[in-house]
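The values are calculated or read from the model by the stated rules, or taken from the named source; none is laboratory data. These numbers come from a predicted model, not from an experiment. For neighbour counting, all protein chains shown are included, and Cβ atoms are generated from backbone atoms with ideal geometry for every residue, glycine included. Areas reflect the complete protein model, heavy atoms only, side chains present, ligands, DNA and RNA absent. Shrake-Rupley method; radii C 1.70, N 1.55, O 1.52, S 1.80 Å.
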Amino acid sequence: MEKRRGVEFWVLAVFFALFVVFLYGPTLSIMVLSFQGPQGNLVFPMNGFSLHWFRELFRDQPIGDIHGAFGRSIRLALIVMGLTVLVSLLAGLAYRRHFIGSTALFYIAVASLIMPSIVISIGIGAGYELLGWTRTWYTSALGAHLTWTLPFGLLIMFAVFNRFNPALEEAARDLGATGWQSVRHVVLPIIAPSLIGVALFGFTLSFDELPRSSQVTGDVNTMPKELQALQTNTVTPVIYALGTLTTLVSFAVIGLSLAAVAVIRSRRR
Amino acid sequence: MSLSSRTVPYFQAAPLALIFLAFFVTPVLLVGAVSFFDYQTWDILIPDFNFYNYEYLLESSTTYRTYANTAKLCALAWVFTLSIGFTIAYFLAFHVRTVPTQIALFLVCTIPFWTSNIIRTISWIPLLGREGLVNQALVGSGLAAEPVEWLLYSEFAVILGYVHLYTLFMIVPIFNSMMRIDPALIEAARDAGASQWQVLWTIVIPLSRPGIAIGTIFVIAMVMGDYFTVDVLGGAKVASVGKTIVNELGYLQYPPAAANAVVLTLVTILLIVGLMRIVNIRKEL
């Protein structure tokens, strides 16, 4: 646009900066509060500065099962991540050709994305109840999470293959590559950064998922359910320590994904 | 194409189709069936076909009040997420000049999406509460004589929470639409003497419509299905359909919850189908 920054730019830049503060401020404030002193309260001011509430977190809690929930959520997120990448990739490959039912399947995926989550949770819960099956985090909750992560995975694959140049694959075929070889040596390396993106969505959306999990984890909790329970029962900053820990896990996963994408991109140059 | 290569897509799409069939299509149909079931305290699902749950739901004036209130939350969340999301996307698309800066600022806006909504919601409490940071600042600076009560456990707090969580769902698709606008189009308008506002009104907004529609679908779906934000930030004062359903589930009243869920789904679908007519999602990615 124009060479000099006009008034409009500065007004919008300030608006953007305020939005970023609004976006990150609350999370940062609970991160600070999680370092409250042992006598510290749920609100500011800081009453000393300590790791007391983190130590408290690793001690056995009078209520709930933080360690168990944390371990379950990490394992579940890893399984969901793997399945989301695999199933979305296969479906993405399928959608490059015509197949009967493709439009219906696409609309089902979109419907799964926008359906109020609690409806899916009630349905899966009621199904297991009627069949007399036990609900566990690695069966019913896994399924519930996949209904949330797979639509994102599929949409990302659409975006990827919409921009994919089919000539590259045709060239491989012309040089004698089999279907599998052209996927393995041509398609996969090209779309690798996007697959990392799908993995990021799979892990984080599962790790933080609450509404679809609500009726389907059985007797035990995932981390978000544990947090919800603590939120209503706890009056100490231990919940902030847990929030800080969970957020750090998310940041670590995001950082790893972005770094992996950057490494792949730089190798290509 | 040989017969075997024609069957390949079916094998490739099968896992996705089977997962959706088992964990989405069947459960949703089941919710429909359960909404006609009977229930007792010791037996929470008794197969039956009666309209009792719907009669109870549709005869209660509380139901209509709750739906009206949910619609109000939805409308307010939409107005704020749209206006803020559009402004942010506009800044990123038309005022940030270099691509690396654009990517960096875009990431700054999207990273919170990959962190926990629960924690992001809870983290408003120490700021908005009676003893919270905002009230400390207001009272300390003399702007308010005593702590402001409506900051937390109010509709204000719920809307603030929605804007905080869901504005991203407006920014991403609107930014995507804006990046597809041919710069030559805007230049031509400028050369022909259009003002900044005219460019915005006659080019940018109409061409951003698909992004606005997708963002709107997301925000409506999220707000209609929410119960956590309403519960944590609205306290006992704010009613929503999602919260009512979760309360019923808490009492193990599955069939009434299912009936309520069916009505909620139909209302959400009606709203969204209307919007889908405006835009073909698949082409916009």
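Between the amide H of A:Q36 and those of A:S50, distances stay under 5 Å, these residues lying 5 or more places away or on another chain, with hydrogens modeled in the peptide plane. Rounded to the nearest 10 square angstrom, A:V7 shows an accessible area of 120 square angstrom against a 1.4 Å probe. The H on the amide N of B:D38, modeled in the peptide plane, is under 5 Å from the matching H of B:I46, B:D48, each at least 5 residues off or on a different chain.
Put simply, the convex hull of the Cα atoms in segment A:70-114 casts, on average, a shadow of 3.8 nm².
Buried accessible surface for the A/B chain pair comes to about 8100 Å², total over both chains, computed with a 1.4 Å probe.
Computed with a 1.4 Å probe over protein heavy atoms only, the accessible area of B:S177 comes to about 10 Å².
The heavy atoms of B:F106 offer some 50 square angstrom of accessible surface to a 1.4 angstrom probe. So for segment B:91-243, what percent of the C-alpha to C-alpha distances run longer than 26 Å? The answer is 46 percent, as a whole percent. For chain B, the relative contact order is 27 percent, taking Cα pairs closer than 8 Å that sit 6 or more residues apart in sequence and dividing their mean separation by the residue count. Placing unit charges on each Cβ (+1 for Lys and Arg, -1 for Asp and Glu) gives the protein assembly as shown a dipole about its Cα centre, and among A:N41, B:P15, A:I122 the Cα reaching farthest toward its positive end belongs to B:P15.
Each label was represented as a point 7 Å from its Cα along the Cα-to-Cβ direction; for B:L143 and B:A194 these points are 3.9 nm apart. Strictly greater than 17 Å: what percent of every Cα pair in segment A:1-136 meets that? For segment A:1-136, the fraction of Cα-Cα distances above 17 Å is 81 percent. Of all the options B:A14, B:A22, B:A144, the one that moves most in a Gaussian network model of chain B with Cα springs shorter than 10 angstrom is B:A14.
Note on chain A: helix-only mean residue ellipticity at 222 nm, from DSSP H runs of 4+ residues weighted -39500 (n - 2.57) and normalised by residue number, equals -23500 deg cm²/dmol. When B:D231, B:D182 are compared by accessible area at a 1.4 angstrom probe, the order from most to least is B:D182, B:D231.
The mean accessible area for residues of the protein assembly as shown, using a 1.4 Å probe and ignoring ligands and nucleic acids, is 46 Å² per residue.
Each eigenvalue of the Cα gyration tensor of segment A:192-259, multiplied by 5 and square-rooted, gives one semi-axis; in descending order these are 26, 17, 6 Å. Ratio of Rg to Rh for chain B: 1.05 [Cα atoms; Kirkwood radius as inverse mean 1/r over pairs]. Using 16 Å as the cut-off for backbone N distance, which residues of segment A:229-267 belong to the label zone defined by a point 7 Å from the Cα of A:V32 along Cα→Cβ? Those under the cut-off are A:240-241, A:244. What a 1.4 Å probe finds exposed on the protein assembly as shown is 67% carbon and sulfur by accessible area, rounded to a whole percent.
As a calculated quantity, the FRET efficiency between A:L188 and A:L131 at R0 = 35 Å, using C-beta atoms, amounts to about 0.35. Computed on protein heavy atoms with a 1.4 Å probe, the accessible areas place A:E8, B:E146 in the order B:E146, A:E8, largest first. Taken over segment A:64-233, the alpha-carbon convex hull comes to 132 cubic angstrom per residue.
Applying a length cut-off of 27 Å (Cα extent along the axis) and a mean Kyte-Doolittle floor of 0.0 to the DSSP H helices of chain B leaves B:61-94, B:155-179, B:254-276. Taking only Cα atoms of the protein assembly as shown, what ratio of Rg to Rh do you get with Rh as the Kirkwood inverse-distance radius? Rounded to two decimals, Rg/Rh equals 0.97. At a threshold of 30 Å², the residues of segment A:212-237 that become less accessible to a 1.4 Å probe in the full protein assembly than in their chain on its own are A:Q215, A:L227, A:Q228, A:Q231.
A Förster distance of 22 Å, applied to the separation of the beta-carbon atoms of A:V220 and B:V25, puts the FRET efficiency at 0.20. Once Rg and the Kirkwood radius are both taken over the C-alpha atoms of segment A:136-269, their ratio Rg/Rh works out to 1.12.
Taking max minus min of the alpha-carbon positions on each principal axis, segment A:19-71 gives extents of 37, 26, 15 Å, largest first.
Take each peptide in A:118-126, A:74-82, count the other Cβ atoms within 10 Å of every residue, and average; sorted highest first, the result is A:118-126, A:74-82. Here B:K72 is the anchor, and the aspartates and glutamates within straight C-alpha reach of less than 14 Å, apart from those fewer than 8 places off in the same chain, are B:E155, B:D226.
Segment A:75-94: which residues show an accessible-area loss of 40 Å² or more, assembly versus chain alone, 1.4 Å probe? When all protein chains are present, A:V87, A:L90, A:A94 each give up 40 Å² or more of accessible surface. With only Cα atoms counted, segment A:119-195 has Rg and Dmax values of 19.3, 56 Å.
The largest-to-smallest principal axis extents of the Cα set in segment B:42-106 are 63, 26, 18 Å.
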